[in-house]
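Input: a single structure, listed below in structure tokens.
Since every read-out is calculated from the coordinates, none of them should be taken as a lab result. Keep in mind it's a predicted model, so treat the numbers as computed, not measured. Don't worry about glycine lacking a Cβ; one is built from the backbone with ideal geometry, like all the others, and counts go over all protein chains shown.
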Amino acid sequence: MNNYFELNISINPEMEEIVSDIFFTNFDCEGVVLEEETYKDLEMTSTTRGTLRVFLTSCPSNIQEILFTERELLKSRGLTDEELGSWKITLDEKKNQDWSKKWKEKWTVTHVTDKIAVVPSWLSYEPKDGEIIITLDPGCAFGTGTHQTTQLCMKALEKYLKKGDSMADIGTGSGILAILAKKMGAEKVYGCDNDETVIDVAKENAGVNGAGVNGVNILFELNTADKITEQYDFVCANILHFVLAEIMGDLKKITKPNGLISLSGILDEKKDMVLVAIDREHLKIIDTLTQDQWISYVVQKV
């Protein structure tokens, strides 16, 4: 079997999903692990927190060039060097000894709330009474349920989505929010992304979770909010703060009167940009959710 490549990149841990998505989009990436800790006699002796381990099946010569371009793009949209981390990398070629299992060893069941759990597909888990289970391969696409921004949207859905509502997931990634909405009783669910590579992943995840795909229960397609013509009771947008600010008017347009929008992907220190856009579009903030350094708003179209 072919060898694989293990790339270690130093990042701000809060940027885990953003940097992971860069690798899944641009490289032959099969999985990522953010944090490893070593224990001896129940005491932690070392940690690699802030190091993202990336497992690649091939090693292109222009990795540094691509990472530089992606980093400059993020900086041009308002993120600082401190917020991104150094992005220093090391790269090692490894013998292929069940490497595909190696990155899975650190994943376990994620209990988002008392009623929602995300379970890696290779693990067995017996749900509690009334618990909604999302089966997913962590690392398969942006939005695996383990990151704070995704969990904030999931909590907003649990709190505000009503049975029979229509729901749109803008920047669907893995499709996890659309799948959750369907499992919670949404009647019509739509998910779109501007990354063509994730659409098939979202469809596959929906099938695995019994949520159905195009024309059945969920419609996934390559699209952006400005091109959508229908309106929905509940809209989710788990996207970076500067994108939320840019498309706030489009999100409002696709939301029904008195409908709700869950806005996530916002670092606390970047919230002002989003608040300005919320005010510009005359949206009403009805809830503010926080988790670690991330903040999320539930707003209403009034």
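Some values worked out for this structure:
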{"item": "Listed peptides 146-153, 3-10 by packing density, highest first (mean Cβ within 10 Å)", "result": "146-153, 3-10"}
{"item": "Cα-based shape type of the chain, given that a ≥ b ≥ c are square roots of the gyration tensor eigenvalues and the cut on a/c is 1.5", "result": "prolate"}
{"item": "Partners for K75 among lysines (Cα-Cα distance below 29 Å; same-chain residues under 8 apart left out)", "result": "K88, K227, K252, K253, K270, K271"}
{"item": "Taking the stretch 148-301 and dividing mean pair separation by its residue count, relative contact order in percent (alpha carbons under 8 Å, at least six apart)", "result": "23 percent"}
{"item": "The chain - mean residue ellipticity at 222 nm from DSSP helices (-39,500 (n - 2.57) per run, n ≥ 4, rounded to 500)", "result": "-8500 deg cm²/dmol"}
{"item": "Relative contact order (%) - the chain, alpha-carbon pairs under 8 angstrom, separation at least six", "result": "13 percent"}
{"item": "Proximal charge balance of K128 [Cβ under 13 Å; K/R count +1, D/E count -1]", "result": "-3"}
{"item": "0 to 90° range, to nearest 10: angle between helix 196-208 axis and the chain longest Cα axis", "result": "80 degrees"}
{"item": "Packing-based order for 20-27, 257-264, using average beta carbon neighbours within 10 Å, highest first", "result": "257-264, 20-27"}
{"item": "Residue-count net charge about F5 - beta-carbon cut-off 12 Å; Lys, Arg +1, Asp, Glu -1", "result": "-2"}
